[in-house]
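Peer 1: Sharing a structure with you now.
The values are calculated or read from the model by the stated rules, or taken from the named source; none is laboratory data. This structure is a prediction, so every number in the text was calculated from the model and none was measured. Quick reminder, even Gly has a Cβ in these numbers, built from the backbone with ideal geometry, and neighbours come from all protein chains shown. Ligands, DNA and RNA are stripped out before the accessible areas are found, and what is left, the full protein with its side chains, is counted by its heavy atoms. Shrake-Rupley method; radii C 1.70, N 1.55, O 1.52, S 1.80 Å.
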Amino acid sequence: MDTTRRQLLLGAGSTLALAGFPLTACARAADNDAPAQALIDRIAEQMLRDYPETATTLGVDKGKRADLKHQLMDRSAKGQAKIAANLKKALADIAKLDLNALSPAMRTHVDVIQASFSNALQGFAFGYGDVATGSWRNSPYVVVQNVGAFLDTPRMLDSDHQIASAEDGEAYLDRLESYAEQVDGETERLKRAAALGVIAPDFLLDKCLKQIKIARSGNPAGWGVVTSVANRTAGFDGDFGERAWLLAKDKLTPALDRQIAELEKHRKRATSDAGVWKFKDGDAYYAWALSAGTTTTMTPDEVHQMGLDQLAKIQSEMDAILKKEGYSQGSVGARMEALAKDPRFTFPDNDAGRAEIIKFMQERVADIRGRMPQAFHTLVKGNLEVKRLPLEEEPGAPGAYGGAGSIDGTVPGKIWLNLRTTGLHTRFSLPDLAYHEGIPGHVWQGEYANQMPLIRSILAFNAYSEGWALYAEQLADELGVYAENPAEKLGYLQSMGFRACRLVVDTGLHAKRWTRQQAIDWFVTNNGSSVEEVSGEVDRYCSWPGQACGYKVGQSAIVRLREKAQAALGARYDFRAFNDAVVLGGNVPMTVLGHVIDRHIAERKG
């Protein structure tokens, strides 16, 4: 079942019929954009003040924004309430604009802000969890195995916070002190959540406690947050390493201890119930999370069935390739399990194997980079590096993730690989991962977003982000990357099947009351993924409800829009021009993307 227009939600009542917008009207509307431009610029600056880490990630924490380099987001209940208040004010200010007088491009910018902020406010209204304003990670839990300052802040300080001067070192120390305050702010919210009966499952808390104790263990002098600044300020005046050690010892250690103690209280009350159905308002929460993750109004039953239908179609194609590879007996899932154990496709489970995986990924990135002129008229650099995840993050992290670097290019995009065991990866699955996380996936698309107005670089929608990355996998296949190695195409198809399985498992956990073991068993049996990989995936769906459904729903919408463009344009259809339209229109709800493609069709028709 494909997503239909009836089911598209965010932005559904806006953007109007921008396709075919008369050129004279466009010119007049552009003259009326100035007030809206000033407003969206102010909103962007407020977003950066609320989320200073974003200013660093984008590389704009300098000049008039240099003070942001010294700050971190306020993760306390008071800080979160302030963010929600700022979102409400922004929406009230937008309501004063004459939206019909705006140019199509400006109207799209405004629609994106309205959709993003309205969605976030619905999340804040629940009074618990972590709300992703303009991003992808909503969670009912403030701190869990893949959510929390203890994971996010050290990674940001080491990878994104640039140190080129003593002042940058001072900014780092200010942030290190604020990191301790972030942890305490989250601990306060954990207590509030417990009072509401919102407690993570026991198996997630076990992972989380293991990870946070790794972060807390040993002499603070050897912690990454200390050695990072010490190593990068060598030769500077200021004793940065010594001062970082004192902050870690005197401020951060007690804060982490307090958070560990609160998490252990949660663990004593925790059950093994995996889904959010167990909350008093669990059905309402999942409905919001699913809508936020997909930007549709699809019900859990509709999403569940879509996954089953798409998996069957994908596996029929896999069956034919597997037979040619000599794997003809058993289910597709069982045959893929056997293929993953074939020595031709495995890596040694040691540091040499880890280095081999990184080199393998780098080679695939280089190859696909050279194919991009076949898929796009408008090219970006694809500035990225392949890195291993921090050790304390690996136990609770997925197999990989990635994203674009800074706007100015000084910080490259990343493909982060989980290498806790090389068994997470095979030679037939890694190429597809390079295309999803790197080029033409997240890193590639993010560089287009970084060329848009600042607010559009800040705001993102899960269904578009992940839908694009899955469509990027499809583009790689269409560009012939698997022509000489059919087994690698199995990796691509298994990835597509994997995302179809996510629709089934996410809804199974949160709407159909599946147990964790039931979800793992179904996933392994039906997709042939390893128990090791699937266990981490299922745990991710437990802590990020709805997020995993954005991939296949988003990609299906993009494919449907491409088919629409092909049918409407006939001989005037241009593969590269369509792909340009999708990425140059920016990260939007699926409905707004539909309007972007309508305009593209109208322009191609002339």
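This table checks each residue for (1) in a helix (DSSP H, G or I); (2) out of contact with any helix residue (DSSP H, G or I) (no Cβ under 8 Å at 6 or more places or on another chain); (3) at pLDDT below 95; (4) buried (at least 19 other Cβ atoms within 10 Å of the Cβ).
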{"position": "D61", "(1), (2), (3), (4)": "no, no, no, yes"}
{"position": "M73", "(1), (2), (3), (4)": "no, no, no, yes"}
{"position": "I83", "(1), (2), (3), (4)": "yes, no, no, yes"}
{"position": "D93", "(1), (2), (3), (4)": "yes, no, no, no"}
{"position": "L97", "(1), (2), (3), (4)": "no, no, no, no"}
{"position": "N100", "(1), (2), (3), (4)": "yes, yes, yes, no"}
{"position": "R107", "(1), (2), (3), (4)": "yes, no, yes, yes"}
{"position": "D111", "(1), (2), (3), (4)": "yes, no, yes, yes"}
{"position": "F117", "(1), (2), (3), (4)": "yes, no, no, yes"}
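Peer 1: List the helices (runs of 4 or more DSSP H) inside the range 190-290, counting only whole elements, that have at least 1 residues being touching a residue at least 12 places away in the same chain (Cβ under 8 Å), surrounded by 14 or more Cβ atoms within 10 Å (Cβ to Cβ) and polar (S, T, N, Q).
Peer 2: Those helices (runs of 4 or more DSSP H) span 202-216, 224-232, 253-269.
Peer 1: Suppose we filter the range 377-404 for residues that are assigned to a loop (DSSP other than H, G, I, E, B), over 12 Å from E437 (Cα atoms) and either open to solvent by 10 Å² or more (accessible area, probe 1.4 Å) or among the charged types (D, E, K, R) (or both); how many remain?
Peer 2: Of the residues in the range 377-404, the ones assigned to a loop (DSSP other than H, G, I, E, B) are 377-383, 389-393, 397-399, 404.
Then keep just the ones that are over 12 Å from E437 (Cα atoms); that gives 377-381, 383, 389-393, 397-398.
Filter once more, keeping what is either open to solvent by 10 Å² or more (accessible area, probe 1.4 Å) or among the charged types (D, E, K, R) (or both): 377-381, 383, 390-393, 398.
Residues in the range 377-404 being assigned to a loop (DSSP other than H, G, I, E, B), over 12 Å from E437 (Cα atoms) and either open to solvent by 10 Å² or more (accessible area, probe 1.4 Å) or among the charged types (D, E, K, R) (or both): 11 in total.
Peer 1: Of all the residues that make up the range 298-313, how many are open to solvent by less than 20 Å² (accessible area, probe 1.4 Å), aliphatic (A, V, I, L, M) and in a helix (DSSP H, G or I)?
Peer 2: 3
Peer 1: While we're on this one: Tell me, which residue of the range 529-559 that is open to solvent by 10 Å² or more (accessible area, probe 1.4 Å) and part of a loop (DSSP other than H, G, I, E, B) is farthest from A287 (Cα to Cα)?
Peer 2: S530
Peer 1: Still on this model: Please enumerate the residues belonging to the range 122-142 that are modelled with pLDDT of 95 or more, over 14 Å from C542 (Cβ atoms) and open to solvent by less than 10 Å² (accessible area, probe 1.4 Å).
Peer 2: Listed by number, the residues that qualify are G123, V142.
Peer 1: Look through G438, G491 and report the one residue that is at pLDDT below 95, farther than 23 Å from D283 by Cβ and open to solvent by less than 10 Å² (accessible area, probe 1.4 Å).
Peer 2: G491
Peer 1: For T421, state whether it is among the polar types (S, T, N, Q), open to solvent by 10 Å² or more (accessible area, probe 1.4 Å) and touching a Lys or Arg at 6+ places or on another chain (Cβ under 9 Å). Write out each step before concluding.
Peer 2: Details: among the polar types (S, T, N, Q): yes; open to solvent by 10 Å² or more (accessible area, probe 1.4 Å): yes; touching a Lys or Arg at 6+ places or on another chain (Cβ under 9 Å): no.
No: the conditions fail for T421.
Peer 1: Oh, and also: Provide a single number: the residues in the range 405-415 that are hydrophobic (A, V, I, L, M, F, W, C) and in a strand (DSSP E or B).
Peer 2: Restricting attention to the range 405-415, the residues satisfying the condition of being hydrophobic (A, V, I, L, M, F, W, C) are 407, 411, 415.
Adding the requirement that they be in a strand (DSSP E or B) leaves 415.
Final tally of qualifying residues: 1.
Peer 1: Considering the range 26-59 alone, what residues qualify as being at pLDDT below 95, surrounded by 13 or more Cβ atoms within 10 Å (Cβ to Cβ) and small (G, A, S)?
Peer 2: A29, A30, G59
Peer 1: Of the residues in the range 346-376, how many are open to solvent by 30 Å² or more (accessible area, probe 1.4 Å) and assigned to a loop (DSSP other than H, G, I, E, B)?
Peer 2: Keep residues of the range 346-376 that are open to solvent by 30 Å² or more (accessible area, probe 1.4 Å), which gives 346, 348-352, 354-356, 358-359, 362-364, 366-367, 369-371, 373-374.
Next, from what is left, pick out any that are assigned to a loop (DSSP other than H, G, I, E, B): 346, 348-350.
Adding up the residues that qualify gives 4.
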